[in-house]
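The values are calculated or read from the model by the stated rules, or taken from the named source; none is laboratory data. This structure is a prediction, so every number in the text was calculated from the model and none was measured. Ideal geometry is used to build each Cβ from the backbone, glycine not excepted, and the neighbour counts take in all protein chains shown.
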Amino acid sequence: MATIEIDDDVYDALQLPEGERSSAMKRELAVSLYARDILSFGKARALAELSKREFQELLGDRKIPRHYGEQELEEDLDYAE
């Protein structure tokens with residue numbers, strides 16, 4: 001497992017309750033990396049710790065189009081088996 005270090009001042013400045021900060025940051029990172037086509041849908045969804053439906057809804061709320069390439073097809077086929 002990799003760790004991202006965030007300065008305490010920045011972490012404390014997040015306008016979120018302490019218990020929601022980590023999950024919110026993971027979701028934001030996942031959405032950003034997916035939108036930039038750096039992570040596949042499946043990997044971004046896993047980073048965000050959301051179900052397929054929840055992550056799809058999050059992308060829809062942000063008006064981020066779903067990328068569907070060869071890797072996503074493979075993930076869907078693996079999931080279908």
Legend entry - Single condition residue 71 does not satisfy, out of (1) surrounded by 10 or more Cβ atoms within 10 Å (Cβ to Cβ); (2) not aromatic (Phe, Trp, Tyr); (3) not in a helix (DSSP H, G or I): (3)
Inset, instruction - Name every residue in the stretch 37-57 that is surrounded by fewer than 14 Cβ atoms within 10 Å (Cβ to Cβ) and more than 8 Å from the chain's Cα centre (by Cα), in order of residue number. - result: 37, 38, 51, 52, 53, 54, 57
Legend entry - Close pairs (6 angstrom Cβ cut-off, 6 or more residues apart or separate chains): within 12 Å of residue 58 (Cβ to Cβ) and charged (D, E, K, R) in the stretch 25-36, surrounded by 15 or more Cβ atoms within 10 Å (Cβ to Cβ) and modelled with pLDDT of 95 or more anywhere: 26/47; 26/48; 27/48
Inset, instruction - Return the total of residues in the stretch 1-36 being under 16 Å from the mean Cα position of the chain (by Cα) and in a helix (DSSP H, G or I). - result: 16
Inset, instruction - Output the residues belonging to the stretch 43-79 that are of a type outside the set (Asp, Glu) and either over 22 Å from residue 20 (Cα atoms) or in contact (Cβ under 8 Å) with a residue 60 or more places away in the chain (or both). - result: 63, 64, 65, 66, 67, 68, 69, 71, 73, 77, 79
